1. Could you check B:Q110 against (1) within 12 Å of the chain's Cα centre (by Cα); (2) in a loop (DSSP other than H, G, I, E, B) and say which number it fails?
2. Within region B:44-67, which residues are surrounded by 21 or more Cβ atoms within 10 Å (Cβ to Cβ), within 10 Å of chain A (Cβ to nearest Cβ) and either within 19 Å of A:A40 (Cβ to Cβ) or over 16 Å from the mean Cα position of the chain (by Cα) (or both)?
3. Determine if region B:34-52 includes at least one residue that is in contact with a helix residue (DSSP H, G or I) (Cβ under 8 Å, 6 or more places away or on another chain) and of a type outside the set (F, W, Y).
4. Just the residues that are more than 19 Å from B:M59 (Cβ to Cβ) and not in a strand (DSSP E or B), please, taken from region A:15-31.
5. Taking region A:93-135, which residues are surrounded by 15 or more Cβ atoms within 10 Å (Cβ to Cβ) and among the β-branched types (V, I, T)?
6. Does A:Y41 qualify as being at the interface with chain B (Cβ under 10 Å from one of its Cβ atoms), among the aromatic types (F, W, Y) and either over 28 Å from B:A119 (Cβ atoms) or surrounded by 20 or more Cβ atoms within 10 Å (Cβ to Cβ) (or both)?
7. For region A:10-34, how many residues meet the condition of being modelled with pLDDT of 95 or more and either exposed (fewer than 14 other Cβ atoms within 10 Å of the Cβ) or facing chain B (nearest Cβ under 7 Å) (or both)?
8. Quick one: would you say A:L103 is under 14 Å from the mean Cα position of the chain (by Cα) and in contact (Cβ under 8 Å) with a residue 40 or more places away in the chain?
There are 2 protein chains.
Amino acid sequence: MGNIIEGISIHDLRIIPHPQGDIMHGIKSSDVGYSSFGEAYFSSVHHGEVKGWKMHTKMRLNLIVPIGEIKFVAYHEPKDTFFEIILSRSNYKRLSVEPGIWLAFQGVGQNENMLLNIASIPHDPTEAESKPLEAINYQWQ
Amino acid sequence: MGNIIEGISIHDLRIIPHPQGDIMHGIKSSDVGYSSFGEAYFSSVHHGEVKGWKMHTKMRLNLIVPIGEIKFVAYHEPKDTFFEIILSRSNYKRLSVEPGIWLAFQGVGQNENMLLNIASIPHDPTEAESKPLEAINYQWQ
């Protein structure tokens, strides 16, 4: 586990120190993994809680964690392979997730844990599928 | 002061309560004020510090404050009019700024103050002009 699986890519991001307050990169239209802009939204997840499983059939996700620490677990169902990564300001990267991948994420930090998703299409409940946490065999701590 | 000036618009945003962690809207491609996607980045500003003045000649800004509290001051130079607003999770709105408006912003919250800019073009230092704080006659507290 921990290797990149099909449908998932990880991209380094820069934090630029500034005396009055740092700048933290997110995503540019020219970046690998960017396809189109549909919507940007934040999602918080409390310490220990898990949101998922969800699989988008059309939306491509670009996930960044500016606040706290979040563990992402991706599951490639046809190949039965998992990928996991913990993102935070100390491991500041963009996680790009193509349609067709099952994703769940867990709050790791004791305080607020918040992701930004730069999604390729606007929210549309009809394009996403959900499964209960126990439907996919992953051992959450 | 406090009225909307030419080149500035304010848009209500929803925070959707969720037992495992709230969802906070940002911007959709269909929203008023959205024109194109160039780049998303975060900018922090420490308590009492001011970043600005800066005027973009091409970039349209869409500013959201998910963390802390930030005061924005916009200056329409040809009409010599100001607009100011404090954004935070308790006044959760999107501030849309067209090219040609001078903008500065100040950290209001005691802890971290951070904005997200969904910019219409990628960062390009040649399209922005800067002025020192004292060059525009505004009384910062």
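1. Exception for B:Q110: condition (1).
2. B:S44, B:N62, B:I64, B:P66, B:I67, listed by residue number.
3. Yes, some residue in region B:34-52 is in contact with a helix residue (DSSP H, G or I) (Cβ under 8 Å, 6 or more places away or on another chain) and of a type outside the set (F, W, Y).
4. Across region A:15-31, the qualifying residues are A:P17, A:P19, A:Q20, A:G21, A:D22.
5. A:V97, A:I101, A:V108, A:I118, A:I121
6. Yes, satisfied.
7. Looking only at that region, the number is 16.
8. Against the criterion (under 14 Å from the mean Cα position of the chain (by Cα) and in contact (Cβ under 8 Å) with a residue 40 or more places away in the chain), A:L103 qualifies.
The values are calculated or read from the model by the stated rules, or taken from the named source; none is laboratory data. Owing to the predicted nature of the structure, the values given are computational and were not obtained by experimental measurement. No Cβ is skipped: glycine too gets one built from the backbone with ideal geometry, and neighbour counts run over all protein chains shown.
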